[in-house]
Structure formats: C-alpha cells, structure tokens
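FYI, it's all coordinate maths here, none of it is from the lab. Since we're looking at a predicted model, the values are computed, not measured. Glycine gets a Cβ as well: all are built from the backbone with ideal geometry, and neighbour counts include every protein chain shown.
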Amino acid sequence: MEEESISIVRACKLMELDRSMFYYKPTRNDSAVEDKLRWYAEHYPARGFPEYFKRIRKEGLIWNHKRVRRVYHKLGMSRRVKAKRRVPDSVKQLLLQPVHPNITWSIDFMEDKLTNGRKFRTLNILDDYNREALNIVVDYSFSSNKVVDIIEQVIEWRGQPEEIRSDHGTEFTAKAFEGFCSKLGIRHLKSAKGRPMQNGYIERFNRTYREDVLDMHLFENIYQVKNLTEIFTEDYNMKHPHDSLANMTPIEFLNHRSKKSLYLL
C-alpha cells in the first residue's frame, strides 16, 4: 500500500490475506499473568517455570500453558538470577511504654566521623520506661563481645531488663549477644527490616543526640566526642523535659513514679 499506492482491498487480494485479518487488533491482556509470575519470582526465586505453572493450576487458574510460558520468557525469568540471602523479618512488635523500669531497654548504633575523616560509632542504651539514657559509649568499632561487656556494666548498677530491643545489626545477631540474652533469660526483640519506628523510642533519642552533639560540633579526636557526650547524657537525663512524660525529665519521672508506688504501698 505504501510502496505501490494501492487500496487495502487490492493489497489484501495480492497478498492472499483476508481483510478481517488485516483489521484484527489483539485484545489480549497478560497483566494478571505477569503479576502472578512476579509474585512467585519474589517469594520463590530459586524455583522455575514448571513449579510456577503447577502452583497456578493449584490455585484454580486456567491460563494456557503456552501463554504462561510466553509471558515467563517475556519477563526474562528464564535467565535465572541467584537469590540474595536475606534475614527473615521479625514478628511485628507493638511499641508500648513499659509500666516500670527495666522491662525493656532499647539499644542502637550511630555513626559519624572526625575532621580527619576517620569514622567512629556510638552505642546508645535507653530504658523505654522513662527514656533515660543508661549509657552512650563512643569508640571506633564494636564487637559483639564488647556490646555484651557494656550491657553487663549497666546491669551491675541498674539491674537486669526483661527485654532488649534492637535492629538486625550483626553485633546483635551474633552468637555472643544471643547467648548472653539466652543465659540471663532476657528476651531479645528485633525490629523488622525497614521499620525503624518499631524501635521508636531510641530513634527519637538518636535524633536529639545527633542534633545536640554530633551535628553541632566538628571533632578533632574521639576524646572530644566522649567529653561532650557525657555532658549531653547528664543534661538529657536531669534537665530535658519530655512531652510524653508530662514534661518531666527522665530522672524526675523515675523518682515521681517511685514515690507514688511507695505511697500506694
């Protein structure tokens, strides 16, 4: 038609093509098949087309075998990709304020760097009951054994918690830390990946610490960080009012509740 400038009728007759085929436009929609195969690929990446198709049949879907295979190849699923090893998501835990001290402690790491570019980390430990900063340890690196030693030191003067909440950091999932919790009967709560608000108390504390200390100063050495961190910790516990604690500081809230409990007894 373009080259010879002839009509559709003449062109179809010369090509021995029925005009209905010329005008036909496919209405096939494979979006449902694509969505199903993508779901299988995400949840069962080590499997392949044979099992995917069997599962489709088990679900009562009657898509043709050739159609499913065509879409499978169209999506590039025939080129197998090695699945990335992932840590299973933890069971979702509600973030509730404990009714007395030493029920739940929250722990988390933060990172920053000195003016010479060397990185350092902080291990922050918080009692969820009164938002008290139990300890902030500053160092260049932390092993799981070192984390255990730090928590043991806090337990010596504070008492033992019933639960410790953390993320999936390697220091917290290592055998040394898990064994420590198991030995003392401490329940280890892990916030789900990508859900920092499941550890919201310490995430809010970290923000305050970063704004008041880490982002406020340029540090030439780690001793400056430690010194300002000690000043911040004392001020935070003794003078920082919390809206959620009726505008009391962590220590005021702790003492107020302790006196109230004694009065009730």
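Where does the charge balance sit around Ile103 when Lys and Arg score +1, Asp and Glu -1, over other residues with C-beta under 11 Å from its C-beta? Mind dumping the intermediate values first?
Numbers: positive: Arg165, Arg187; negative: Asp127, Asp128, Glu162, Glu163.
It works out to a net charge of -2.
Restricting to bridges with both residues inside the chain, how much of the DSSP beta-bridge set is antiparallel, in percent to the nearest 5?
Values: 17 of 24 bridges.
Close to 70 percent.
If the only charges are +1 at each Lys and Arg Cβ and -1 at each Asp and Glu Cβ, what is the size of the charge dipole of segment 156-252 around the Cα centre, to the nearest 20 debye?
On the way: 13 positive and 16 negative charges, 111 e Å.
Magnitude of the dipole: close to 540 debye.
Assign unit charges at the C-beta atoms only (+1 for Lys and Arg, -1 for Asp and Glu), then state the dipole size of the chain relative to its Cα centre in Debye, rounded to the nearest 20.
Details: 46 positive and 37 negative charges, 435 e Å.
In debye, rounded to 20, the chain gives about 2080.
Per residue of segment 3-12, in order, report the coupling 6.51 cos²θ - 1.76 cosθ + 1.60 (Karplus, θ = phi - 60°) as ³J(HN,Hα) in whole Hz, putting x for Gly and Pro.
Residue by residue, segment 3-12 yields 6, 9, 6, 10, 6, 5, 4, 5, 5, 5 Hz.
Run the numbers for Leu75 and Phe142: contour at 0.36 nm per residue of separation, minus the present Cα-Cα distance, in nm. Let's see the in-between values first.
Details: separation 67, 0.36 × 67 = 24.12 nm, distance 4.41 nm.
That pair, Leu75 and Phe142, stretches by 19.7 nm at full extension.
Would you kindly state how much longer the chain becomes between Arg47 and Ile251 on full extension, computed as 0.36 nm times their sequence separation minus their alpha carbon distance, in nm to one decimal?
Working: separation 204, 0.36 × 204 = 73.44 nm, distance 5.59 nm.
Taking Arg47 through Ile251 to full extension adds about 67.8 nm, to one decimal.
Springs between alpha-carbon atoms under 10 Å, Gaussian network over the chain: tell me which of Asp35, Asp127, Asp167 tops the mean-square fluctuations.
For the chain, modelled as a Gaussian network with Cα springs under 10 Å, the answer is Asp35.
Step through the table entries Lys190/Lys239; Lys113/Lys226; Lys25/Lys54, compare each Cα-Cα distance with 20 Å, and write down the pairs that go over it.
On the way: Lys190/Lys239 31 Å; Lys113/Lys226 13 Å; Lys25/Lys54 31 Å.
Among Lys190/Lys239; Lys113/Lys226; Lys25/Lys54, the Cα-Cα distance tops 20 Å for Lys190/Lys239; Lys25/Lys54.
Helix-only estimate, please: 222 nm mean residue ellipticity of the chain, summing -39500 (n - 2.57) across DSSP H runs of length 4 or more and dividing by its residues, to the nearest 500. Working shown, then result.
Numbers: 11 runs with 117 residues, N = 265.
Result for the chain: -13000 deg cm²/dmol, rounded to the nearest 500.
Need the full-extension length gain, Ile8 to Lys54, defined as separation in residues times 0.36 nm minus the C-alpha distance. One decimal, nm.
Details: separation 46, 0.36 × 46 = 16.56 nm, distance 4.55 nm.
Separation in residues times 0.36 nm, less the Cα-Cα distance, equals 12.0 nm.
Counting only trypsin sites (Lys or Arg not before Pro) that are in a DSSP loop and have at most 11 other C-beta atoms within 10 Å, tell me the longest site-free stretch of the chain.
Details: sites that count: Arg28, Arg79, Arg80, Lys82, Lys84, Arg85, Arg86, Lys92, Arg118.
For trypsin sites (Lys or Arg not before Pro) (loop position, at most 11 other Cβ atoms within 10 Å), the longest site-free span of the chain is 119-265.
Assign unit charges at the C-beta atoms only (+1 for Lys and Arg, -1 for Asp and Glu), then state the dipole size of segment 8-74 relative to its Cα centre in Debye, rounded to the nearest 20. Please report the intermediate quantities before stating the final value.
Values: 17 positive and 8 negative charges, 33 e Å.
My answer is approximately 160 debye.
If you build a Gaussian network model of the chain, linking Cα atoms that sit under 10 Å apart, which residue out of Ser166, Ser20, Ser143 swings the most?
Highest fluctuation among the options: Ser20.
Tell me, Phe253, Phe142 in order of fewest to most beta-carbon neighbours within 10 Å?
Values: Phe253 20, Phe142 16.
By the 10 Å Cβ count, ascending: Phe142, Phe253.
Quick check: the angle from helix 65-74's long axis to the longest principal axis of the chain, C-alpha only, nearest 10 degrees?
60 degrees
As I understand it, the dipole of segment 116-265 uses +1 on the Cβ of Lys and Arg and -1 on the Cβ of Asp and Glu, about the Cα centre. Which of Ile136, His256, Cys181 lies farthest toward its positive end?
Of the candidates, Cys181 comes out farthest on the positive side.
Could you identify which residue out of Pro101, Pro250, Pro50 has the top mean-square fluctuation in a GNM of the chain using Cα springs shorter than 10 Å?
Comparing Pro101, Pro250, Pro50 in a Gaussian network model of the chain, the most mobile one is Pro50.
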